[in-house]
Amino acid sequence: MLEAVVVIIAPIIGGLIYGFERVVCARMQNRQGPPLLQPFYDMGKLIDKQALIINPYHSILGIMHFVTLWVVVAFIILGQNLLYVIFLHLLSSIFLILAGFSVKSIFSHIGANRELMSVIAYEPILIMLAVGFYLINGSFDISVIRDNPPQILQLFFLFLAFLMVIQIKLKKSPFDATEAHQEIVGGVEIEFSGVFFEFLYMAKWLEYVFVYLLLSLFAGDNLALGFGLFIGVFFLVNLVDNATARIKINHLIKIVLMIGLTFGMLNLVGLSYV
Amino acid sequence: MFNLKKYRKRSPWILHYNAGSCNGCDIEILASLSPKYDLERFGIINTGNPKQSDIFLVTGPVTYRSRERLIELYIQMPEPKVVVAVGSCSCTGGVFRGMYNVEDGVDRYIPVDVYISGCATSPELIIDGLVKGLEILEKKTKSMEKPSKLFKDTTSREGIVSRRESALRVGEERDEEN
Amino acid sequence: MKKTIDIPLGSQHISLLEPVRFKFECENEKIIGVDSDVGFVHRGIEHACTTKFKFDGIGYVVARICGLCAITHSLTYTAGIEKLLGGEITQKAKYLRILLLELDRIHSHMLCLSHTCENAGFEAMFMRIMGDREIIMEIQELLTGNRVQFDFISIGGVNRDLDASRAKEIIIKLEIVKQKVLGYIDVFTNNWSLSLKFQGVGALSLDEAYRFNAIGPLARASGLNIDVRNEIDYLPFFELGFVMQTHTDGDINARNLVRLNEILNSLEMCNNTLEGLPEGDIFTKLKGKPKGEVLVRLEAPRGELMYYIKGGGKSMLERVRIKTPTFSSIPAFSHIFVGENYADAPAILASFDPCLACTAK
Amino acid sequence: MFNSFFKAFTNLFKKPQTIKYPATPIEKDKDFRGLIEYEQEECIYCLKCEKACPPGAILFVSVENPPNNEKNKKGLKYHYNPYLCIYCSECVRACPKPNEALWQSNKKPPIGVKEDEVNGVL
Amino acid sequence: MKKIEVTLNNVREEILEFYDAKKWHFLTLNGVALEDEKTEIQWIFSQYEAFDEIVIMFAEIACGDVVPSIVDIVPSAIISQREFVDMFGIEVDGSEKGLYLDQDSLQMPLSSCKV
């Protein structure tokens, strides 16, 4: 029952995290920043706005992206199979990419292209993460992982690789080439407006819930450690965001694949032989 | 149920277009995003994307070439929206009034809700103007508006009212009466 | 079928302050051809200067060509008229003019640096520099009464005096700015992600700089010694400690470093001006109407600004030709873009510090 | 990179630079170039300010009920459009009686709304 | 400031002989409208690292003349030439209208020629 409630309020939790992040980010830049509930104000406004529809598929794919992401989050909360989660998440990204390609705007195409390339960069790490959990727990089930003691020490290198995935997924510099506000004005989200943009906006919140829930898996049954990890990584991500510039998409793939794959492989090899 | 209109006031996203200004007002808009004035505390984000914006900041006296793009951007913005003319030259043409490639103010082409004067205007005035614009945004309906000058004033030449000409006209009328 | 894609940048784009349209012909994301349209801001000021305004009011009109180098425009025009009228202005007026000129250069360079950082995706640095730039803006407001359009210079001198207590206040503020700028130099040289974005990107070699007649920081970053402050004498730049800043790499990083070093040099010049401010009047009345032709040049933040003024002994001038720095750099700009990645285009564009309001007049 | 990292971290605990503008008003410096103000009683109607103004923001127009001033022989009335003014204070320098008839105050220029018709006739 | 008079026929040879990219900096192409539908066209150069060394080559042309292009000698002249075409309505070899004004615009704001 509790889990069902958590699933329903998941977007709201994500919104709160996002709002808090905007305040923290502003404070790191020495300014006051928006109020904490700003994302919800934005949401209220976007419902009220007129929606311009480019073509039906574009809008529906945007909504599908949001719905699939919600299912992904629900799967994690309900303790389903980790592999399902990762592949469903891939599906949700594919919906977004298809939406990007379904309109004529050139910026949307470039954004979708970059999104696709970033998927290539981070997906192997997520799969290796699942394999790593399997090697320790003997099961892909998230409920099993949650019942076991913390696994962060055994999976330390994969944890480091996962930090880069967080940067990509949350569109934080240096790995925010997919959104790249100053180059391609938000990439795939450029043609969405009104209510349809709101689904994309809320999908962003769910993305926060998704990555931080995946992160909490490292802590296993230790809730306090899970919370500690969340706080620590949250500030780390924002500090790195405020200390780096955006790097190009080809650099992103090179760096993430090189470091991420090396770390992941190292960890997996270590787990299977030690 | 919820009154959604009140949220408009709390999250206005801005779009900025330079229709031929001297950069002075543009850098002041940039400066009002900076830490000292920090527009984000009103929930303002500079989106740069007309499809997701609520407030249209226009600077400059509208040159001949930029007017097409100006109207295009205005039409691309979904309702409800507010247009803010920033700086003297976008209000009335300012010092460029009457030059051959200039159209004397934004309100000839799109309906302007708030006029911010000053040459160059300051971040302080921009905040004042935006606060006033937000009040107007809350009352707006979702119907499209028409520019005030292009349709109303058909008596003068091409719809432009020259201050000096009209002032002289007033003088002539007076002479005739005497 | 066409194998390339056309990516438009402008005329409205978030990374642009001004309307300019570039059409990049790209192979994947690599730029192979550039098409530019710079005429969006054309207002016809040259024409208005000879038909609409009298010569003593034009100083305020040409200042509105560009908000970033407003002081350079009005100063160059005024210097030309003073040459035609044949008067000499006081030393104090000259010093105050240099003070404003250099303050303007500092704030313009800081804006350019912050804008380059923003376009490179470094939001925090943008906020940091813009926050510190407010100090300079406050000084300008104290001196002239407005943050951007100074209207400080009139034919025969300057409009406002500066008293000693204010001068002291300004010196203290400038010292704060100096410390901050030294901090930026560290960031621009040592930040790993900025080096990926800036080093070796958008390079202009020395030969190309000569060939395309590049000017300003763009040319100085390639090692070309061109600075009009080095070549003119109607303002005492050398007296106040002017040193030319050059670099040899020619890429975005080099341009940023040239700008940073110029800020430091300008801060020193401001300091020297305030400390050695002579006593005397700030205004001498010049009589007569301009007659003859004159060509004046001055170093704007972006490079060489040239005015050609021809007067016929009437209050209306016969010809005012304004050659602005960005105008003559456009051939070089278009050349640099070819072969670069589209992802770098906004940063490269911002690193030129283009001023289209100047270009199109 | 670590410097910026550290800077962001220390900023988190500093007081933000932001001024709370609409809540706490900014004190304008006495030399701020704000609105042009006019005193009808002192004006001698020499029209020097009208000629000097680059954009033509100051206009003297003949009206039916001219202001009561013995110098005003042509029956003129002063008009000033703050939305056209560029605040260069050239009119004040041209005025033979600065600070009495015409002066530049440090008041902020006004904000107009649609009903004001700022680009209208006068 | 040194003024050298040239004609439209020999200006290319003069500039070819005179211009050295490492020594001279091409400032701009300037036009001045004179009376009787004449226009004075000026090519302005300045010397690098020299004190106020400026050379102006000028020629007096009529409205129908075609000005030779110097883009192959001085590549950066292209933008000045396009501006000259826009502002004066006088044809320059290989430079098209449309930098500031529209391509089909009849305006020539600074010209003394009659349309």
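Please compute the modelled spin-label separation between A:Leu90 and D:Asp31, points set 7 Å along Cα→Cβ, answer in nm with one decimal.
Calculated label separation equals 6.8 nm.
Taking Cα centroids, how far is the stretch C:331-361 from the stretch A:178-225 in Å?
A separation of 33 Å, based on Cα centres.
Between the stretch D:35-58 and the stretch C:206-244, what's the alpha-carbon centroid distance in Å?
So the separation of the two Cα centres works out to 44 Å.
Leaving out same-chain residues fewer than 8 places away, which lysines sit with a Cα under 25 Å from that of C:Lys180?
Cα-Cα hits under 25 Å: B:Lys36, C:Lys168, C:Lys197, D:Lys7, D:Lys14, D:Lys15, D:Lys20.
Evaluate the relative contact order of chain C (contact order divided by residue number), counting alpha-carbon pairs under 8 angstrom at least 6 apart; express in whole percent. Before the final figure, lay out the partial values.
Numbers: 663 pairs, mean separation 95.1, N = 361.
For chain C, the relative contact order is 26 percent.
So for the pair E:Leu16, E:Ser69, with labels modelled 7 Å out along Cα→Cβ, what separation do we get in nm?
The answer from the label model is 1.6 nm.
Between C:Met110, C:Met306, C:Met127, find the one with the highest GNM mean-square fluctuation for chain C; connect C-alpha pairs within less than 10 Å.
Largest GNM mean-square fluctuation: C:Met127.
Given the rule -39500 (n - 2.57) for each run of at least 4 DSSP H residues, summed and divided by the residues of chain E, what is its mean residue ellipticity at 222 nm, to the nearest 500 deg cm²/dmol? Don't jump to the answer; show the numbers that get you there.
Numbers: 2 runs with 20 residues, N = 115.
Roughly -5000 deg cm²/dmol at 222 nm, from the helical runs in chain E.
Return the loop-located trypsin sites (Lys or Arg not before Pro) in the stretch C:167-263 (DSSP other than H, G, I, E, B) with at most 13 other Cβ atoms within 10 Å of their own Cβ; answer none if there are none.
none
Can you pull the Rg over Rh of the stretch B:5-145, Cα-only, Kirkwood? All intermediate terms of the calculation are to be shown ahead of the outcome.
Values: Rg = 13.9 Å, Rh = 14.8 Å.
Expressed as Rg/Rh, it is 0.94.
Under 20 Å between C-alpha atoms is the cut-off here; go through the stretch E:2-66 and count lysine pairs that meet it, provided they're at least eight residues apart or on different chains.
Working: E:Lys2/E:Lys22; E:Lys2/E:Lys23; E:Lys3/E:Lys23; E:Lys3/E:Lys38.
Lysine pairs, 8 or more places apart or on different chains, close enough: 4.
How big is the charge dipole of the stretch C:119-254 about its Cα centre, in debye rounded to the nearest 20, if each Lys and Arg gets +1 on its Cβ and each Asp and Glu gets -1 on its Cβ? Don't skip to the end; give the middle numbers.
On the way: 13 positive and 19 negative charges, 50 e Å.
I would put it at about 240 debye.
Just to check I understand the Karplus step: with θ = phi - 60° and J = 6.51 cos²θ - 1.76 cosθ + 1.60, what whole-Hz values come out for the stretch C:181-198, glycine and proline as x?
5, 4, x, 5, 4, 4, 5, 5, 8, 9, 6, 5, 5, 5, 5, 4, 7, 10
List every residue whose amide H lies under 5 Å from the amide H of E:Ile4, counting only residues 5 or more places away in sequence or on a different chain, with H placed 1.01 Å from N in the peptide plane.
Residues meeting the criterion, in which the H sits 1.01 Å from N, are E:Ile56, E:Met57, E:Phe58.
Just checking chain C: which Cys have no other cysteine's beta-carbon under 4.7 Å?
Among the cysteines of chain C, those whose Cβ sits 4.7 Å or more from every other are C:Cys26, C:Cys49, C:Cys69, C:Cys112, C:Cys117, C:Cys270.
Placing unit charges on C-beta atoms (Lys and Arg positive, Asp and Glu negative, everything else neutral), compute the dipole magnitude of the stretch B:5-145 about its Cα centre in debye, rounded to 20. It would help to have the intermediate numbers written out before the result.
Numbers: 18 positive and 17 negative charges, 93 e Å.
Magnitude of the dipole: close to 440 debye.
With a cut-off of at most 10 other beta carbons within 10 Å, and DSSP calling the residue loop, which chymotrypsin sites (Phe, Trp or Tyr not before Pro) in the stretch D:1-71 qualify? Please list them.
Numbers: sites: D:Phe2, D:Phe5, D:Phe6, D:Phe9, D:Phe13, D:Phe32, D:Tyr38, D:Tyr45, D:Phe60; in loops: D:Phe13, D:Phe32, D:Tyr45.
Here the sparse-neighbourhood loop sites are D:Phe13.
Given a Förster distance of 35 Å, report the FRET efficiency between C:Asp233 and C:Arg166 from their Cβ-Cβ distance, rounded to the nearest 0.05. Let's see the in-between values first.
Working: r = 29 Å, r/R0 = 0.82.
Rounded to the nearest 0.05, the efficiency is 0.75.
What percentages make up the Cα-Cα pair-distance distribution of chain C when the bins are 10 Å wide from 0?
P(r) over chain C, rounded to whole percents: 5, 24, 33, 24, 11, 2, 0, 0.
Using the charge dipole of chain C (Lys, Arg: +1 at Cβ; Asp, Glu: -1 at Cβ; taken about the Cα centre), state which of C:Thr90, C:Leu103, C:Phe122 has its Cα farthest towards the positive end.
So the residue furthest toward the plus end is C:Thr90.
Report the far tail of the P(r) of the stretch E:2-66, meaning the percent of Cα-Cα pairs longer than 18 Å.
Details: 769 of 2080 pairs.
For the stretch E:2-66, the share of Cα pairs beyond 18 Å comes to 37 percent.
Leaving out same-chain residues fewer than 8 places away, which lysines sit with a Cα under 17 Å from that of D:Lys73?
D:Lys48
Evaluate the relative contact order of the stretch D:34-110 (contact order divided by residue number), counting alpha-carbon pairs under 8 angstrom at least 6 apart; express in whole percent.
Dividing the mean separation by the residue count of the stretch D:34-110 yields 46 percent.
Taking the stretch A:2-273, how many lysine pairs are there with alpha carbons less than 22 Å apart, if each pair must be eight or more places apart or span two chains?
12
Against the globular-protein guess of 2.2 N^0.38 Å, express the Cα radius of gyration of the stretch D:34-110 as a ratio, rounded to two decimals.
Taking N as the residue count of the stretch D:34-110, the ratio is 1.03.
Calculate one ³J(HN,Hα) per residue across the stretch C:130-147 by plugging θ = phi - 60° into the Karplus curve 6.51 cos²θ - 1.76 cosθ + 1.60, and present them in order as whole Hz with x for glycine and proline.
5, x, 6, 5, 4, 4, 4, 4, 5, 4, 5, 5, 4, 6, 10, x, 8, 7
Please list, short to long, the whole-number percent of alpha-carbon pairs of the stretch C:197-299 in consecutive 10 angstrom bins beginning at zero.
All Cα pairs considered, the percentages come to 14, 33, 28, 17, 8, 1.
Tell me, how many Å apart are the Cα centres for the stretch C:306-327 and for the stretch C:131-163?
Computed from Cα coordinates, the inter-centre distance equals 25 Å.
Hey, what did the stretch A:1-95 get for relative contact order, percent, Cα under 8 Å, at least 6 apart?
Relative CO of the stretch A:1-95 lands at 25 percent.
Can you list the residues, at least 5 places off or on another chain, whose amide H is less than 5 Å from the amide H of B:Ser34, using H built in the peptide plane?
B:Leu39
Please return the longest range in chain C lying between exposed loop sites, taking GluC sites (Glu not before Pro), DSSP loop only, at most 16 other beta-carbon atoms within 10 Å, and leaving the sites out. Let's see the in-between values first.
Numbers: sites that count: C:Glu88, C:Glu279.
Here the longest segment lacking exposed loop sites spans C:89-278.
Which of C:Gly280, C:Gly200, C:Gly311 ends up with the largest GNM mean-square fluctuation for chain C, with Cα atoms connected below 10 Å?
C:Gly280
With θ set to phi - 60°, apply the Karplus curve 6.51 cos²θ - 1.76 cosθ + 1.60 along the stretch C:81-97 and write out the HN-Hα couplings as whole Hz, x wherever there is a Gly or Pro.
For the stretch C:81-97, the Karplus curve yields 5, 5, 5, 5, 7, x, x, 10, 9, 6, 5, 5, 4, 4, 4, 5, 4 Hz.
Run down the aspartates and glutamates and flag those whose C-alpha is under 17 Å from the C-alpha of C:Lys287, throwing out any fewer than 8 positions away in its chain.
Within reach: C:Asp56, C:Glu82, C:Glu88.
Looking at chain D, identify the longest residue range that excludes and avoids all trypsin sites (Lys or Arg not before Pro) in DSSP loops having at most 13 other Cβ atoms within 10 Å. List each step's numbers first, then the result.
Details: sites that count: D:Lys14, D:Lys20, D:Lys30, D:Lys71, D:Lys73, D:Lys74, D:Lys107.
Segment D:31-70 is the longest.
How crowded by other chains is C:21-28, given as the mean number of beta carbons from other chains within 10 Å of each beta carbon? The partial results should precede the final answer.
Values: counts 2, 0, 0, 0, 0, 2, 0, 3.
The shielding value for this peptide is 1.
Read-outs throughout are calculated quantities, based only on the coordinates presented, and are distinct from any laboratory measurement. Since we're looking at a predicted model, the values are computed, not measured. Here the Cβ is made from the backbone with ideal geometry for all residues, glycine too, and neighbour counts use every protein chain on show.
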